[in-house]
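K.L.:
What follows is a structure written as structure tokens; I'll ask about it next.
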Amino acid sequence: MPLDSGNAQEHHPCVMEIADWAARWRDGRIGFHEGRANTFLERHVDRLGPAPKHVLVPLCGKAEDMAFLASRGHTVTGIEAVEEAVQAFFREHDLTPAVRSVKDGVRSYSAAGITILAADVFACTPDVVGGVDALYDRAALVALPADVRRRYVAHLRQLLAPSAVGLVVTFEYDQTKMTPPPHAVSKAEVAELYSGARIQVLDERPEAGKFRDAGVEALETCFAIEL
């Protein structure tokens with residue numbers, strides 16, 4: 001995994017979470033992978049604005065959402081710490097990516113308008129990501145524990161253009177009834193994390209996957225964000 005040794009814990013506060021995600025990919029425990037474009041994204045992709053936008057997809061895994069965004073004419077940059085997931089995305093789409101080392105701890109895979117950076121999201125700086133003017137976050141915010149989410153959003157806002165727009169998907173549920181991830185993120189927390197931005201609830205639905213299987217009621221919400 002593309003993480004520095006030695007002081008990794010100091011510089012990468014998600015290092016333990018990344019190790020857990022790597023184990024999930026290795027063991028095939030990837031229930032968070034939808035296997036198709038997200039319904040909210042299909043419904044509301046136009047809220048990202050007319051193509052071409054440069055869309056950032058943090059903690060992207062091998063999500064079909066990236067292929068969907070590219071098919072709509074957008075340029076996509078994903079960030080994924082588990083390199084096996086990055087390789088799987090291109091393999092499953094019959095693409096042979098150009099691979100290069102961008103900097104220590106960051107490897108870039110690119111093909112067909114999609115670039116995925118194999119890296120810890122906190123290692124990806126504006127010069128690495130390039131100018132991005134749109135965000136799609138379905139699985140990143142909810143993957144992170146509460147003590148990391150504030151720093152994560154602050155880091156995202158350094159990567160995004162000042163007038164960037166985004167779609168952010170969250171879950172709300174009783175965490176005493178199921179062990180995260182995904183973590184519960186309330187509407188109030190989204191408003192606090194993106195303080196100063198224009199935030200609108202676009203869509204909501206009962207989540208019918210992992211939560212239903214666990215017998216837990218959960219609400220999935222899609223927000224439009226305008227920085």
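The values are calculated or read from the model by the stated rules, or taken from the named source; none is laboratory data. Since the model is a prediction, treat every value here as computed from it, not as a measurement. Positions of Cβ are generated from backbone atoms using ideal geometry, with glycine treated the same way; all protein chains shown enter the neighbour counts.
K.L.:
Just to be sure before I move on: is His155 outside any helix (DSSP H, G or I) and either without any contact (Cβ under 8 Å) to a residue 60 or more places away in the chain or closer than 28 Å to Ala51 by Cβ (or both) in the structure I sent?
P.N.:
Details: outside any helix (DSSP H, G or I): no; either without any contact (Cβ under 8 Å) to a residue 60 or more places away in the chain or closer than 28 Å to Ala51 by Cβ (or both): yes.
No: the conditions fail for His155.
K.L.:
Something else now. Has the range 195-218 got at least one residue that is surrounded by 15 or more Cβ atoms within 10 Å (Cβ to Cβ) and hydroxyl-bearing (Ser, Thr, Tyr)?
P.N.:
no
K.L.:
For the range 131-151, enumerate the residues that are surrounded by fewer than 21 Cβ atoms within 10 Å (Cβ to Cβ) and over 21 Å from Val45 (Cβ atoms).
P.N.:
Hits for the range 131-151 are Pro145, Ala146, Asp147, Val148, Arg149, Arg150, Arg151.
K.L.:
Continuing with the same structure: Going by what's in this entry, would Asp133 be described as among the acidic types (Asp, Glu), assigned to a helix (DSSP H, G or I) and farther than 17 Å from Asp65 by Cβ? Let's see the steps before the verdict.
P.N.:
Details: among the acidic types (Asp, Glu): yes; assigned to a helix (DSSP H, G or I): no; farther than 17 Å from Asp65 by Cβ: yes.
For Asp133, the condition - among the acidic types (Asp, Glu), assigned to a helix (DSSP H, G or I) and farther than 17 Å from Asp65 by Cβ - is not met.
K.L.:
Please give the number of the condition Asp127 fails out of (1) in contact (Cβ under 8 Å) with a residue 12 or more places away in the chain; (2) in a helix (DSSP H, G or I); (3) out of contact with any helix residue (DSSP H, G or I) (no Cβ under 8 Å at 6 or more places or on another chain); (4) surrounded by fewer than 18 Cβ atoms within 10 Å (Cβ to Cβ).
P.N.:
Asp127 satisfies every listed condition except (1).
K.L.:
Test each condition in (1) over 14 Å from the mean Cα position of the chain (by Cα); (2) more than 26 Å from Asp46 (Cβ to Cβ); (3) surrounded by fewer than 19 Cβ atoms within 10 Å (Cβ to Cβ) for His155 and report the one that comes out false.
P.N.:
With (1) over 14 Å from the mean Cα position of the chain (by Cα); (2) more than 26 Å from Asp46 (Cβ to Cβ); (3) surrounded by fewer than 19 Cβ atoms within 10 Å (Cβ to Cβ) applied to His155, the lone miss is (1).
K.L.:
Something else about it: I need the full set of residues from the range 37-73 which are closer than 15 Å to Val129 by Cβ and either buried (at least 23 other Cβ atoms within 10 Å of the Cβ) or charged (D, E, K, R) (or both), in order please.
P.N.:
Listed by number, the residues that qualify are Lys53, Val55, Leu56, Val57, Pro58, Leu59, Cys60, Met66.
K.L.:
If the requirement is being more than 14 Å from the chain's Cα centre (by Cα), at pLDDT below 95 and not in a helix (DSSP H, G or I), which of these qualifies: Met16, Met1? So that I can check it myself, show each step before the final result.
P.N.:
Details: Met16 fails: not in a helix (DSSP H, G or I).
Being more than 14 Å from the chain's Cα centre (by Cα), at pLDDT below 95 and not in a helix (DSSP H, G or I) holds for just one of Met16, Met1, which is Met1.
K.L.:
Within the range 89-112, can you find the residues that are in contact with a strand residue (DSSP E or B) (Cβ under 6 Å, 6 or more places away or on another chain), buried (at least 16 other Cβ atoms within 10 Å of the Cβ) and part of a loop (DSSP other than H, G, I, E, B)?
P.N.:
Pro97
K.L.:
Does the range 162-179 contain at least one residue that is surrounded by 18 or more Cβ atoms within 10 Å (Cβ to Cβ), farther than 22 Å from Asp65 by Cα and more than 19 Å from the chain's Cα centre (by Cα)?
P.N.:
Checked the range 162-179: at least one residue is surrounded by 18 or more Cβ atoms within 10 Å (Cβ to Cβ), farther than 22 Å from Asp65 by Cα and more than 19 Å from the chain's Cα centre (by Cα).
K.L.:
Out of all the residues in the range 113-124, which are within 21 Å of Ala51 (Cβ to Cβ) and assigned to a strand (DSSP E or B)?
P.N.:
Quick first cut of the range 113-124, residues within 21 Å of Ala51 (Cβ to Cβ) only: 113-116.
Hits for the range 113-124 are Ile114, Thr115, Ile116.
K.L.:
Only residues that are in a loop (DSSP other than H, G, I, E, B) and either closer than 21 Å to Ala154 by Cα or at pLDDT below 95 (or both): list them for the range 53-78, please.
P.N.:
Of the residues in the range 53-78, the ones in a loop (DSSP other than H, G, I, E, B) are 53, 59-63, 72-74.
Within the range 53-78, Leu59, Cys60, Gly61, Lys62, Ala63 meet the criteria.
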